[in-house]
1. Provide, in order from the shortest bin, the percent of all Cα-Cα pairs of the range 295-390 in each 5 Å bin, continuing until the bin that contains the maximum pair distance.
2. In angstroms, what radius of gyration and Dmax does the range 269-310 have, counting Cα atoms only?
3. Could you order peptides 385-393, 339-347, 359-367 by the average number of other Cβ atoms within 10 Å of their residues, highest first?
4. Under the definition of Cα pairs under 8 Å and six or more residues apart, what whole-number percent is the relative contact order of the range 209-296?
5. Please work out how much length the chain gains when fully extended from Leu328 to Leu119, using 0.36 nm per residue of separation minus the C-alpha to C-alpha distance, in nm with one decimal.
6. Quick one: compute the contact order of the chain, relative version, from alpha carbon pairs under 8 angstrom and 6+ residues apart, as a percent.
7. Report, in deg cm²/dmol and to the nearest 500, the calculated mean residue ellipticity at 222 nm for the chain, where each DSSP H run with n ≥ 4 adds -39500 (n - 2.57) and the sum is divided by the residue count.
8. How far apart, in nm, are the 7 Å Cα→Cβ label points at Phe60 and Val299?
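The values are calculated or read from the model by the stated rules, or taken from the named source; none is laboratory data. From a predicted model like this one, the values you see are computed outputs, not experimental measurements. Heads up, the Cβs are rebuilt from the backbone with ideal geometry, glycines too, and the neighbour counts pull from every protein chain shown. Calculation scope for accessible area: heavy atoms of the full protein, side chains included, ligands and nucleic acids excluded. Shrake-Rupley method; radii C 1.70, N 1.55, O 1.52, S 1.80 Å.
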Amino acid sequence: MTSPQRPALTDGAWRRPRGAAVREYLPVLAFYGTLKLIGFGSFMWLLSSAGNYRTKNPRFGGGAHPWDVLATWDGWWYQQIAVHGYHPELVRIPGATGLITLEGNSAAFFPLYPALIRLTSELTGLGSYGAGLLVSVLASFAAALGIHAVAAHLLDRRAGWAAAGLWAVWPGSGVEWAVYSDSLFVALAAWACHAVLTRRWLTAGLLTCAAGLNRPTAAALIAAVALAALLALRDRHRDGMARPLAALLTAPLGLLAYLGWVGHRMGDYGGYFKLQSGAWAHEWDYGRQTLDVLTSLPVGRTTYLFAWPFADLIGVCVVLLALALLPLLFRLRPPAVLVVYTVLTLVLVLGSQQIFSNVSRYLLPLFPLLLPLAAALRRLGLGHQFALLGLAALASGSYAGYALFELGVP
């Protein structure tokens, strides 16, 4: 991928005076933050106007106030882990048959995000809700900067702005400012990919290791960083052997450590996957359920597994959009780390049986797919970019927030 302009972020960029970095990054943060505030305000207004949250279980999209919804569903589990820790076990439901045969267990949720909730709570005095929201919001800004950095490095600074703005309004972005681990994962993934692009191998390995402690789909990032490190080892005259090898060895440690610890505590080293399958019906099915939804929903059938029609329709649109953007990304000839990360994430998500309304959230980490759109939007001035993305932000309160939390299962 080439650009007529010098990339905004190069190896030397990390040695610039602090003031220069602040002048570059603060406007990006303001741009992203303003779009998120518009979307967040729209989401809260829709919640308050509809009022459906008042009649729902506080664990499942309900609460006393509109903002309580932000800590429901998975957010409840993360708070429980932050306060009470883990108790990994496989407990059968007496007499249960069919898809769900095991009781839900906190071991299905990876430890980095709840650990940060607990640390933040102890440092600030906030409860688990406030601490979780603070971690997510700060991580979302770090993710926006990481996405900006990747796009600016490969295209130019204006494309970086566009990419950060697009991530603020992307389907599924309603979880960016909620008690969910998605913002933290995207921050780690974006900066890990940027570290590979700028050949900071140990940083890339450590960030990928941390991502493996945050979400199981870090397997795609691990594979991408590992391949990039292997390519660097092949051309060792540039980076030597030690640093790419360190990244290669460090990257998978977080994911392997957590899966190994859970398996050891359960007395079954496949326990994590048995829990996902037996308690949440989430397992690899070679894309059968995805195909079922894609062929059923367009003709009005909702007989597929875990049907939430409105949220599922958004999920279908996101899948089709991702598949349309993928060849456009290839046309830009991005580095291998971005290609492998994007393709494997798509494969892992679309090849799994799950609650399909989650798909827009599960595909939220596909920030490289923003690059083709950012390349087009960079032709607009920042004012025009903000006007266009501002309208999308206003609508995102519905398609990325309300639909996910109240009309589906995030």
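1. Going from the shortest bin to the longest, the percentages are 2, 11, 21, 18, 17, 14, 10, 5, 1, 0.
2. 12.9, 42
3. Answer by packing, highest mean first, reads 359-367, 339-347, 385-393.
4. Answer for the range 209-296 is 26 percent.
5. Result: 71.1 nm gained on full extension.
6. 23
7. Estimated from H runs of four or more residues: -20000 deg cm²/dmol.
8. The answer from the label model is 3.1 nm.
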